[in-house]
């Protein structure tokens with residue numbers, strides 16, 4: 001098997017990751033589904049040692065810059081736990097909400113992917129690859145932050161990045177009323193191993 005090059009090799013380094021919904025299903029057009037992610041992030045930060053530096057939730061994928069505290073099992077385990085928990089919560093929400101007009105369509109897609117993947121019990125919400133990229137410099141960190149925060153603007157959702165509440169742009173602009181607080185990185189220092 002060829003090495004794709006996209007692996008989490010340093011379990012405690014800061015990484016840029018992308019979590020994509022199978023078949024690009026736009027489940028996060030629903031506020032309730034975005035809030036499932038926000039609640040899961042908060043739990044992982046408070047209880048599982050997640051160090052979250054940046055995020056944005058788009059309609060069918062999310063981007064994050066994150067690391068795992070050194071007192072944890074590492075970033076791979078943290079990402080796995082996050083995706084497994086949110087998958088179950090999202091499937092439950094779709095299954096139990098008759099107001100979701102796309103209910104059958106989404107559940108069929110999630111079930112079809114789940115049946116093809118031996119790692120799943122029944123449904124699969126996230127594709128397995130996270131396309132991890134280790135953040136090794138201030139320049140690379142800034143490039144990824146700019147990419148994350150510009151994404152909703154480029155998609156035509158908002159005029160300015162700070163207007164999009166489901167991202168960390170507000171935190172980096174010094175705003176206090178964010179849906180999720182992140183660690184605002186001091187980009188004047190050295191980026192590397194997290195203690």
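Key figures for this structure:
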item: Conditions (1) within 22 Å of residue 59 (Cβ to Cβ); (2) modelled with pLDDT of 95 or more; number of the one not met by residue 101; result: (2)
item: Unmet criterion (only one of (1) within 20 Å of residue 165 (Cβ to Cβ); (2) out of contact with any strand residue (DSSP E or B) (no Cβ under 8 Å at 6 or more places or on another chain); (3) free of Cβ contacts under 8 Å to residues at least 40 places away in the same chain; (4) buried (at least 18 other Cβ atoms within 10 Å of the Cβ)) for residue 44; result: (2)
item: Residue that is nearest to residue 28 (Cα to Cα) [pool: residues in segment 60-76 that are touching a helix residue (DSSP H, G or I) at 6+ places or on another chain (Cβ under 7 Å) and surrounded by 17 or more Cβ atoms within 10 Å (Cβ to Cβ)]; result: 62
item: Close pairs (8 angstrom Cβ cut-off, 6 or more residues apart or separate chains): on the phi > 0 side of the Ramachandran plot and crowded, with 21+ Cβ neighbours inside 10 Å in segment 26-37, modelled with pLDDT under 95 and part of a helix (DSSP H, G or I) anywhere; result: none
item: Where residue 149 falls short, out of the listed (1) more than 24 Å from residue 65 (Cβ to Cβ); (2) buried (at least 20 other Cβ atoms within 10 Å of the Cβ); result: (1)
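The values are calculated or read from the model by the stated rules, or taken from the named source; none is laboratory data. The structure presented is a predicted model; accordingly, all values stated were derived computationally and were not measured. In this analysis, Cβ positions are derived from the backbone assuming ideal geometry, glycine residues included, and neighbour counts consider all displayed protein chains.
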